[in-house]
Amino acid sequence: MSFHDGKSINKSKRLAQNAAFVIFRGLSFAVVAILVIILAFIIFRGISVISWEFLTEMPRDGMTAGGIFPAIVGTFCLVVGSMLFAFPVGVMSGIYMNEYLKDGWFKRFIKLMTNNLAGVPSIVFGLFGMALFVNRFGFGDSILAGSLTLGLLALPVVIRTTEESLKAIDDSFRVGSLALGATKWQTTSRVILPIAFPNIITGLILSVGRVSGETAPILFTVAAYFLPRLPNSIFDQVMALPYHLYVISTSGTNIEASRAMAYGTAFILILIILIVNLLANWLRKYFAKRVKMN
Amino acid sequence: MKRYFHNLGEKIIVALLALSGTVTSLTVLLIVFFLFKEGLGIFSLSPVSEGTVIAVNSQNPVKELSAHQLKEISDQNITNWQEVGGPNAPIKLFRIDDLTEYFSEEQLGKDFEFVPQRINEVIAKEPNMLAFFPDEYLAKSFQGRQLQLDNISVPDFLGGTEWYPTITPAVQMGVLPLILGTLWVSFGAILLALPLGLATAIYMAEIANSRVRNILKPVIELLAGIPSVVYGFFGLVVVVPLIQDIFGLPVGETALAGSIILGIMALPTIISVSEDAMRTTPRAMKEASLALGASKWQTIYKVIIPYSISGISTAAILGIGRAIGETMAVLMVTGNASVIPNTFLEPVRTIPATIAAELGEAPQGGIHYKALFALGCILFLLTLIINLTVDFVSAKKKENR
């Protein structure tokens, strides 16, 4: 997709073009610079806070010292809990929508709903989770309520990546398998899914990243302001990394004294996102190669 | 027989898949149901603060007061009954704390058991009195007249300019400052993000070579992945003090800080959507333009941008959608003052930030709780409008092809 500027282009045209391109390049690099500044700022301030003690101890002295261990455990529980719900349901709906459902009003309806769910603001998920899981179902502020709320939020991400990875697979695989006498499910489970698998996992990883950083949906469904112990059951409240960062940077007992803790927590959140993105990118490349190979 | 089980297995699997497929649709419907069930409840409640009695002397001709009038009286901005349709007489306010001015402790009783009776006496004695007191002190044979307030109406709720959801004697539930705050911050964000995002999209789609593009793509994904609370924290420790210094403000938590942070957060959406749109420009069109002697830049702004304009508008709309719904970052940097903003250098409060900040303190099922759900409804409708607009724009685009 390359252009060839003919010699006929006169000077002023070329000048305008050069000026425009320089501006565009500059603005694009500004976007990169924004990211670099944010990352560098949090990494440089945060990395000195990270220590074994910070990662494995309870917060102390009004959350100005000690560590963030319960928040790490809490976020881990929430991520696992939400994925236990969102991953199977999301992958199965993706399969259903792409492999089974015929084009028609029902498919359009589900598509529309999925798109709308993806656009619902996270605080609305929080309201919904509170009304349904916490109050109506009586789960109270608990890991269960928080995980389900976060799971619903992650659902559209999982569905979309599943669908996209299934769509990328050529129909000849399906037709070939069916022609050999395999049933629809045999075709899906033994031919299509193994190829799509790495890309579906990408969706899982990306939603782990999304879920681990979300604050608004857990505000009223699970997050504890300060709870220096580990959860015993799925009906316990937990601390969570993003909420902890919010608390100690805005409403802690001593905001200035807990700044170091805040930088450390922000660093851990950034680290999770970096790992998630690297992993997803690597898997995507792996998948692209595999599809090509087949 | 084996075949029969086989078929049965297939059927169960299909049923399971179909069930999962409908979960998302059900979720959206459930969200709508719960949101509106709780939220619309606000319109069947009176704005009198919970557990408060508002009473006047039985001789007083004033039958109705609005929540706004009550607040003005309580703030002593209205001091004469004439202003609210009564006789020309000063309004004498009575609150429960004032009781000691009228009676000694003995008269009130050791366990305050005579308080209801004493309140009754005070109101009966003073024809110009307007009394607010907790309903536990309402005497059984109360001789004054209790004022009932009209339920909160839709125009009051949407058009009211004051948001004081917890004051007594009557709560003020006007969401206009919150709606305007949300739109104000979001449009500011788009103003900042759109030029930057579009330029990056054009650069990535048409100008950069694949090596640069391979650097830019993950950068934009990372920008999209950073949690909003981290953006908020960055805004709090970097952007807010910066704004405070540059403009010499008493506080740096302003609409501008919110717009800057939200603008950064909206960038990935704007870039990726508009880049995708530009990429769909048919090669033949570009080449025809070049063959006619247009430069690459002329081709970009006379062919590619007009061709992908619907995609670009989709990008802008989605960016606004992202900004409107964003909660934590805004909550942390905008200062959260519920006043209608005049400039970008004032604190504002948005709808999501209000819900996040206040729902924890609102008693479940009360008027404040319902008001926050009603705010959730407004937010949901705003994003629904945005989604439908996007659907409409892209459907139209398909039609045009």
Determine whether B:GLY188 is closer than 17 Å to B:PHE43 by Cβ and either at pLDDT 90 or above or small (Gly, Ala, Ser) (or both). no
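For every residue, the table says whether it meets (1) in a loop (DSSP other than H, G, I, E, B); (2) in contact with an Asp or Glu (Cβ under 8 Å, 6 or more places away or on another chain).
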position: B:ASN151; (1), (2): yes, no
position: B:PRO177; (1), (2): no, yes
position: B:LEU180; (1), (2): no, no
position: B:TRP184; (1), (2): no, no
position: B:LEU191; (1), (2): no, no
If you check every pair at least six apart or on different chains, which have Cβ atoms under 6 Å apart with a residue in the stretch A:187-199 that is among the hydrophobic types (A, V, I, L, M, F, W, C) first and a residue that is open to solvent by less than 30 Å² (accessible area, probe 1.4 Å) and modelled with pLDDT of 90 or more second? A:VAL191/A:SER177; A:ALA196/A:LEU166
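This table checks each residue for (1) away from every other protein chain (no Cβ under 11 Å); (2) over 30 Å from A:GLY138 (Cα atoms).
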{"site": "A:SER233", "(1), (2)": "yes, no"}
{"site": "A:ILE248", "(1), (2)": "no, no"}
{"site": "A:ALA257", "(1), (2)": "yes, yes"}
{"site": "A:TYR263", "(1), (2)": "no, yes"}
{"site": "A:PHE267", "(1), (2)": "no, yes"}
{"site": "A:ASN281", "(1), (2)": "no, yes"}
{"site": "A:LYS289", "(1), (2)": "yes, yes"}
Would you pick out the residues in the stretch B:342-369 that are buried (at least 21 other Cβ atoms within 10 Å of the Cβ), more than 21 Å from B:SER44 (Cβ to Cβ) and of a type outside the set (D, E, K, R)? B:PRO347, B:VAL348, B:THR350, B:ILE351, B:PRO352, B:ALA353, B:THR354, B:ALA356
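For B:LEU249, state whether it is open to solvent by 30 Å² or more (accessible area, probe 1.4 Å) and at pLDDT below 90. Don't jump to the end; show me each part of the working.
Values: open to solvent by 30 Å² or more (accessible area, probe 1.4 Å): yes; at pLDDT below 90: yes.
Considered against the rule, which asks whether it is open to solvent by 30 Å² or more (accessible area, probe 1.4 Å) and at pLDDT below 90, B:LEU249 comes out as yes.
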Residue hits (the stretch B:198-227; more than 8 Å from chain A (Cβ to nearest Cβ) and open to solvent by less than 10 Å² (accessible area, probe 1.4 Å)) are B:ALA201, B:ALA205
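Assess whether A:ALA71 counts as being modelled with pLDDT under 95, surrounded by fewer than 21 Cβ atoms within 10 Å (Cβ to Cβ) and part of a helix (DSSP H, G or I). Outline the logic, then answer.
Working: modelled with pLDDT under 95: yes; surrounded by fewer than 21 Cβ atoms within 10 Å (Cβ to Cβ): no; part of a helix (DSSP H, G or I): yes.
For A:ALA71, the condition - modelled with pLDDT under 95, surrounded by fewer than 21 Cβ atoms within 10 Å (Cβ to Cβ) and part of a helix (DSSP H, G or I) - is not met.
Does the stretch A:35-47 hold any residues that are exposed (fewer than 15 other Cβ atoms within 10 Å of the Cβ) and in contact (Cβ under 8 Å) with a residue 60 or more places away in the chain, and which are they?
Let us first name the residues in the stretch A:35-47 that are exposed (fewer than 15 other Cβ atoms within 10 Å of the Cβ), namely A:36-37, A:40, A:44, A:47.
Answer for the stretch A:35-47, where residues must be exposed (fewer than 15 other Cβ atoms within 10 Å of the Cβ) and in contact (Cβ under 8 Å) with a residue 60 or more places away in the chain: just A:ILE47.
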For the stretch B:370-388, indicate whether the set of residues that are open to solvent by 10 Å² or more (accessible area, probe 1.4 Å) and under 22 Å from B:SER49 (Cβ atoms) is non-empty. yes
In the stretch B:87-130, how many are exposed (fewer than 11 other Cβ atoms within 10 Å of the Cβ) and more than 17 Å from B:PHE142 (Cα to Cα)? 9
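Only one of A:GLY140, A:GLY181, A:GLY151, A:GLY126 is surrounded by fewer than 18 Cβ atoms within 10 Å (Cβ to Cβ), assigned by TED's automatic domain parsing to the domain that holds A:PRO231 and in contact with a Phe, Trp or Tyr (Cβ under 7 Å, 6 or more places away or on another chain); which? Quick ask: steps written out before the conclusion?
Values: A:GLY181 fails: in contact with a Phe, Trp or Tyr (Cβ under 7 Å, 6 or more places away or on another chain); A:GLY151 fails: surrounded by fewer than 18 Cβ atoms within 10 Å (Cβ to Cβ); A:GLY126 fails: surrounded by fewer than 18 Cβ atoms within 10 Å (Cβ to Cβ).
Criteria check complete, one pass: A:GLY140.
Any idea which of B:GLY160, B:GLY144, B:GLY188 is touching a residue at least 24 places away in the same chain (Cβ under 8 Å), open to solvent by 10 Å² or more (accessible area, probe 1.4 Å) and within 30 Å of B:VAL333 (Cβ to Cβ)? Walk me through how you get there before you give the answer.
On the way: B:GLY144 fails: within 30 Å of B:VAL333 (Cβ to Cβ); B:GLY188 fails: open to solvent by 10 Å² or more (accessible area, probe 1.4 Å).
Just one listed residue meets the conditions, B:GLY160.
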Among helices (runs of 4 or more DSSP H) entirely within the stretch B:266-381, at least 3 residues that are under 30 Å from A:LEU153 (Cα atoms) occur in B:309-325, B:328-333, B:351-358
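With respect to A:ALA131, determine if the residue is within 27 Å of the chain's Cα centre (by Cα), closer than 30 Å to B:PHE373 by Cα, open to solvent by less than 20 Å² (accessible area, probe 1.4 Å) and within 12 Å of chain B (Cβ to nearest Cβ). Walk me through how you get there before you give the answer.
On the way: within 27 Å of the chain's Cα centre (by Cα): yes; closer than 30 Å to B:PHE373 by Cα: yes; open to solvent by less than 20 Å² (accessible area, probe 1.4 Å): yes; within 12 Å of chain B (Cβ to nearest Cβ): yes.
So A:ALA131 passes the test.
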Just checking, which of B:PHE112, B:PHE103 is farther than 21 Å from B:THR52 by Cα and among the hydrophobic types (A, V, I, L, M, F, W, C)? B:PHE103
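Yes/no matrix, rows are residues, columns are (1) under 30 Å from B:ALA374 (Cβ atoms); (2) assigned to a loop (DSSP other than H, G, I, E, B):
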{"residue": "B:ALA124", "(1), (2)": "no, no"}
{"residue": "B:PHE133", "(1), (2)": "yes, no"}
{"residue": "B:GLU136", "(1), (2)": "yes, no"}
{"residue": "B:THR166", "(1), (2)": "yes, yes"}
Here the residues within the stretch A:270-286 that are open to solvent by 80 Å² or more (accessible area, probe 1.4 Å) and of a type in the set (A, V, I, L, M) are A:ILE275, A:LEU278, A:LEU279
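Evaluate the stretch B:273-289: report whether one residue or more is open to solvent by less than 30 Å² (accessible area, probe 1.4 Å) and under 28 Å from the mean Cα position of the chain (by Cα).
Just the residues of the stretch B:273-289 that are open to solvent by less than 30 Å² (accessible area, probe 1.4 Å), to begin with: B:274-275, B:277-278, B:281, B:286, B:289.
Adding the requirement that they be under 28 Å from the mean Cα position of the chain (by Cα) leaves B:274.
Looking through the stretch B:273-289, at least one residue is open to solvent by less than 30 Å² (accessible area, probe 1.4 Å) and under 28 Å from the mean Cα position of the chain (by Cα).
The values are calculated or read from the model by the stated rules, or taken from the named source; none is laboratory data. Keep in mind that what you see is a predicted model, and the values were worked out from it rather than measured. Virtual Cβ from ideal backbone geometry, glycine too; neighbours counted across all protein chains shown. Heads up: the accessible areas ignore ligands, DNA and RNA and are worked out on the full protein's heavy atoms, side chains in. Shrake-Rupley method; radii C 1.70, N 1.55, O 1.52, S 1.80 Å.
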